[in-house]
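Q: Take a look at the following structure, please.
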Amino acid sequence: MAKKQFKAESKRLLELMINSIYTHKEIFLRELISNASDAMDKLYFKSMTENLGLSRANFEIFINADSENHTLTITDNGIGMTKDELESNLGVIAKSGTLQFSADNKEALSSDEDMSVIGQFGVGFYSAFMVASKVEVRSKFYGSDEAFLWASSGADGYTITACDKDSHGTEIKLYIKETAGNDAPDAPGDDENYEEFLLEYKIRSIVKKYSDYIRYPIKTESLQRKKKEDSDEFEEFKEIQTLNSMVPIWKKNKSELKDEDYNEFYKSKFHDFVDPIARIHSKTEGTATYSALIFIPKKPPYDFYTKEYEKGLQLYTSGVMIMEKCGDLLPDYFSFARGLVDSEDLSLNISREMLQHDRQLKIIAKSIERSIKNELKKMLANERDKYEEFWKEFGAQIKFGIYNTYGQAKEGLQDLLMFYSSSEEKNVTLEEYVIRMKEEQKSIYFASGESITRINSLPQVEAVKDKGYEILYLTDHVDEFCLQMLVNYNEKMFMSVQSADLDLETEDEKEEIKKKNKDNKELFEFMKDALADKVQDVRFSQKLKTLPVCVSGAGALSVEMEKVLAQMPGDKKAKADKILEINANHAICDKLQFLFDNDKEMLKTYAEILYSQAMLIEGISLENPAEFVGQVAELMTGVVV
Ligand code: ADP
């Protein structure tokens, strides 16, 4: 029988699994039980929709520890797998994509954090290789009369052969590794006590810890002792016992549950290796009757920013899972939420298409959205550090939400926003900003740029700070687009310090500038022509302290937004209307006037250099840097290059 090779990526992952020094090896059992439960869900669902006449009571998972042969067997009577399914389900890991993490670096992959990457790939089944040197899977698909055996001793490949099996379902036999220190030649060089996985008490405690909520009985043969009749002696006997309580955690009362129960449930159900940052457990009655258990992860899953990522909550109706990811239950801006909804109001046979229009589902979705918002607001109010952590990971999502819905979702979301503040030097909310606003302050000031340092060095920022106003620093691409959709907050308009409309001058100063601009009309007309289509206007400004020049945006599309759009695919780029502002108090003014009177050619060059300088301050790369360097060199040396 020729051995088949695992797909390359699977093989790498498998090697990692086998060699990993991941400390929670016991989770293999949770993974196998969860697969068994899914397989039974599938058959139960099939039975309900096709009237096969099976009842929930027909299903069970059986764990058998055979210490003599050193094997642990997990049997289910679920739907089973065909030969092709054995091949495609167990021969390939990481179906969804490429492995981006470095498998070459085993050192780095030894931490829990790195292992979390593995967990998210849905490699559940492969975790068996953490504790087993060999795995045999015997499976018979429901309704088929053939059964097949998939066997593998790890990364070197697997075989699939026909085998005998009486009933449908899957039986997974693990040849448990030897414990180090044992005489066995193949004992691995770690200090895990593998033998323990064959002990009843250990199995019992692992099942209780991770799989208590599984809605099918998980049974095992237990060794019990009882007193012999008419004697003081004890006798041992075997008895089949159910290890789990089978009550779905979301059906339990909150008061019965500890943080740990929720966290373990979350991790096992949603393949995460770290605890969630928040959870919502609710039971709602009224227009819609449902229980929901929703988690906000600490970190986004590895594929969160890829097209493959599918948002959604698991959907149950009266305890039967009818959909793995019901996207309609979550708005895009909360796509990071994981969890489930169980409602009696939905019919079992409902199709995806019908579900989309289901009134009941819409009501549930609205109510879930509200509870996520409230949970986040609560976190912001009471656990600021935690919220900041959340914001770092998922804040962009919320900002996108405001932008993508054209501001329609702003009511609920605007109070969740956070931006870095120039005066507080940390993230602040819009509400906090507005409370601090000065009496005469008209707008909420913001400045955009790549980083805080960069924004700090903008001349316009200095001017606004000098007036004693707080500025919000926008460093995410989406930020300015988001604020534009908001238009205002609490009736206060947003104003970019980089906008030509920024108006900080007193009436007197305005008059003065107006006059100066008028006096220099011809000079500025000439410079504007020299810069052709680059700027809309050239004029004096009072904003600048030390620098000679800056650029500001005149239209709805700001200079920063132009920069963001320039990075998007496509040829035709929208341009911002720019105004070149010259420092009215800078020595450059006299020089410009002098050139206007004596050397118009040189004035053209000056106009170009000033424009380039303004762009550089804004962090915009020059279209022709070599030309700029040539122009400056000419000024430095007097030699035309
Ligand atoms: P995941 O469960 O995340 O999809 P696994 O590697 O654990 O990943 O399992 C791969 C697939 O193998 C499952 O999606 C399922 O189709 C199939 N499978 C695993 N265990 C069983 C089982 N006990 N019965 C039927 N199918 C199973």
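Q: Quick one: what are the phi-derived ³J(HN,Hα) couplings along segment 393-406, Karplus 6.51/-1.76/1.60 with θ = phi - 60°, whole Hz, x for glycine and proline?
A: 7, 10, x, 4, 4, 6, 5, 4, x, 5, 5, 5, 9, 6
Q: Collect residues whose amide H, placed 1.01 Å from N in the peptide plane, falls under 5 Å from the amide H of Ile444; neighbours closer than 5 in sequence don't count.
A: Met493, Phe494, Met495
Q: Next question. Given Cα pairs under 8 Å that are at least 6 residues apart, what percent is the relative contact order of the chain? Please report the intermediate quantities before stating the final value.
A: Values: 1065 pairs, mean separation 51.3, N = 641.
Over the chain, the number comes to 8 percent.
Q: With θ set to phi - 60° and the Karplus curve 6.51 cos²θ - 1.76 cosθ + 1.60, what are the ³J(HN,Hα) couplings of segment 623-636 in order, to the nearest whole Hz, using x for Gly and Pro?
A: With coefficients 6.51, -1.76 and 1.60, one gets 5, 9, x, 4, 4, 4, 4, x, 5, 5, 4, 5, 5, 5 Hz.
Q: Take Asn598 and Ser222, extend 7 Å from each Cα along the Cα→Cβ direction, and tell me the distance between the two endpoints in nm.
A: In this crude spin-label approximation the distance works out to 10.3 nm.
Q: Of the cross-linked pairs Lys252/Lys311; Lys258/Lys410; Lys258/Lys298; Lys378/Lys573; Lys377/Lys426; Lys572/Lys604, which ones have a Cα-Cα span greater than 30 Å in the structure shown? Please list the in-between numbers first.
A: Details: Lys252/Lys311 26 Å; Lys258/Lys410 35 Å; Lys258/Lys298 19 Å; Lys378/Lys573 42 Å; Lys377/Lys426 18 Å; Lys572/Lys604 28 Å.
Over 30 Å apart, Cα to Cα: Lys258/Lys410; Lys378/Lys573.
Q: Going by a ≥ b ≥ c, the root eigenvalues of the Cα gyration tensor, does the chain fall in the rounded group (a/c under 1.5), the prolate group (a/b larger than b/c) or the oblate group?
A: Values: a/c = 3.03, a/b = 2.32, b/c = 1.31.
Note, shape of the chain comes out prolate.
Q: Only four residue types carry charge here, +1 at the Cβ of Lys and Arg and -1 at the Cβ of Asp and Glu. Report the dipole size of the chain about the Cα centre in Debye, rounded to the nearest 20.
A: For this selection, approximately 1160 debye.
Q: At a Cα cut-off below 22 Å, give the lysines reachable from Lys227, other chains included and same-chain residues fewer than 8 away excluded.
A: Straight-line reach from Lys227, under 22 Å: Lys238.
Q: Could you pull the accessible area for Glu260 with a 1.4 Å probe, rounded to 10 Å²?
A: Number for this one is 100 Å².
Q: Taking the full set of protein chains and a 1.4 angstrom probe, give the accessible area of Arg539 in square angstrom, rounded to the nearest 10.
A: Near enough 70 Å² of accessible area.
Q: Once neighbouring chains are kept in place and the probe is 1.4 Å, which whole percent of the accessible area of segment 378-494 is contributed by carbon and sulfur? Working shown, then result.
A: Values: 2470 of 5580 Å².
Heavy-atom surface of segment 378-494 belonging to carbon and sulfur, 1.4 Å probe: 44 percent.
Q: Out of residues 5 or more away from Ile214 or on other chains, whose amide H comes under 5 Å of its own, with H placed 1.01 Å from N in the peptide plane?
A: Distant-sequence amide H within range of Ile214: Met246.
Q: Express the relative contact order of segment 249-389 as a whole percentage, based on alpha carbon pairs under 8 Å and six or more residues apart in sequence. Write down the numbers at each step before the final one.
A: Numbers: 195 pairs, mean separation 28.3, N = 141.
Relative contact order, segment 249-389: 20 percent.
Q: Another question about this same structure. How large is the charge dipole for segment 293-450, taken about the Cα centre, if only the Cβ atoms of Lys, Arg (+1) and Asp, Glu (-1) carry charge, to the nearest 20 debye? Don't jump to the answer; show the numbers that get you there.
A: Working: 23 positive and 27 negative charges, 22 e Å.
Value, rounded to 20: 100 debye.
Q: Further question: With r defined as the distance between the Cβ atoms of Glu256 and Tyr305 and R0 fixed at 35 Å, what FRET efficiency is calculated, to the nearest 0.05? Don't jump to the answer; show the numbers that get you there.
A: On the way: r = 37 Å, r/R0 = 1.07.
Step by step, r from the Cβ atoms, then E = 0.40.
Q: Continuing with this model, one more query. Provide the net charge surrounding Asn598, with neighbours chosen by a C-beta distance below 15 Å and charges set as Lys +1, Arg +1, Asp -1, Glu -1. Provide the component values of the computation, followed by the final result.
A: On the way: positive: Lys591, Lys600, Lys604; negative: Glu522, Asp590, Asp597, Asp599, Glu601.
For residues surrounding Asn598, the net value is -2.
Q: Quick one: net charge around Val564, please, counting Lys, Arg +1 and Asp, Glu -1 for every other residue with C-beta under 11 Å from its C-beta.
A: Numbers: positive: Lys563, Lys573; negative: Glu450, Asp476, Asp479, Glu480, Glu560, Glu562.
Value of the local net charge: -4.
Q: Sorted by average packing, counted as other Cβ atoms within 10 angstrom per residue and highest first, what order do 285-292, 492-499, 216-223 take? It would help to have the intermediate numbers written out before the result.
A: Values: 285-292: 16.4, 492-499: 20.2, 216-223: 17.9.
Descending mean neighbour count gives 492-499, 216-223, 285-292.
Q: By average Cβ neighbour count within 10 Å, what is the ranking of 75-85, 230-240, 156-166 from highest down?
A: Answer by packing, highest mean first, reads 75-85, 156-166, 230-240.
Q: Right, something else. Can you find, among Leu523, Leu413, Val549, the residue farthest towards the positive end of the dipole of the chain? Put +1 on the C-beta of Lys and Arg, -1 on that of Asp and Glu.
A: So the residue we want is Leu413.
Q: Among the listed pairs Lys438/Lys492; Lys518/Lys578; Lys254/Lys283, which have their C-alpha atoms separated by more than 18 angstrom in this model? Walk me through the numbers before you get to the answer.
A: Details: Lys438/Lys492 12 Å; Lys518/Lys578 20 Å; Lys254/Lys283 10 Å.
Long pairs (Cα-Cα over 18 Å): Lys518/Lys578.
Q: Out of residues 5 or more away from Lys134 or on other chains, whose amide H comes under 5 Å of its own, with H placed 1.01 Å from N in the peptide plane?
A: Tyr175
Q: What figure in square angstrom, to the nearest 10, would you give for the accessible area of Arg370 with a 1.4 Å probe?
A: 140 Å²
Q: I would also like to ask the following. Tell me, what HN-Hα J-couplings in whole Hz come from the Karplus equation 6.51 cos²θ - 1.76 cosθ + 1.60 at θ = phi - 60° for each residue of segment 547-557, using x for Gly and Pro?
A: With coefficients 6.51, -1.76 and 1.60, one gets 6, x, 7, 7, 10, 10, x, 10, x, 5, 8 Hz.
Q: Here is a follow-up. Pick out, in residue order, every one of the chymotrypsin sites (Phe, Trp or Tyr not before Pro) in segment 357-438 that is DSSP loop and has at most 13 other C-beta atoms within 10 Å; say none if there are none.
A: Working: sites: Tyr387, Phe390, Trp391, Phe394, Phe400, Tyr403, Tyr406, Phe419, Tyr420, Tyr433; in loops: Tyr406.
Within segment 357-438, the qualifying chymotrypsin sites (Phe, Trp or Tyr not before Pro) (loop, at most 13 other Cβ atoms within 10 Å) are Tyr406.
The values are calculated or read from the model by the stated rules, or taken from the named source; none is laboratory data. What you see is a predicted model; the values in this text were computed from it and never measured. Heads up, the Cβs are rebuilt from the backbone with ideal geometry, glycines too, and the neighbour counts pull from every protein chain shown. To get the accessible areas, we keep the full protein, side chains included, count just its heavy atoms, and leave off ligands, DNA and RNA. Shrake-Rupley method; radii C 1.70, N 1.55, O 1.52, S 1.80 Å.
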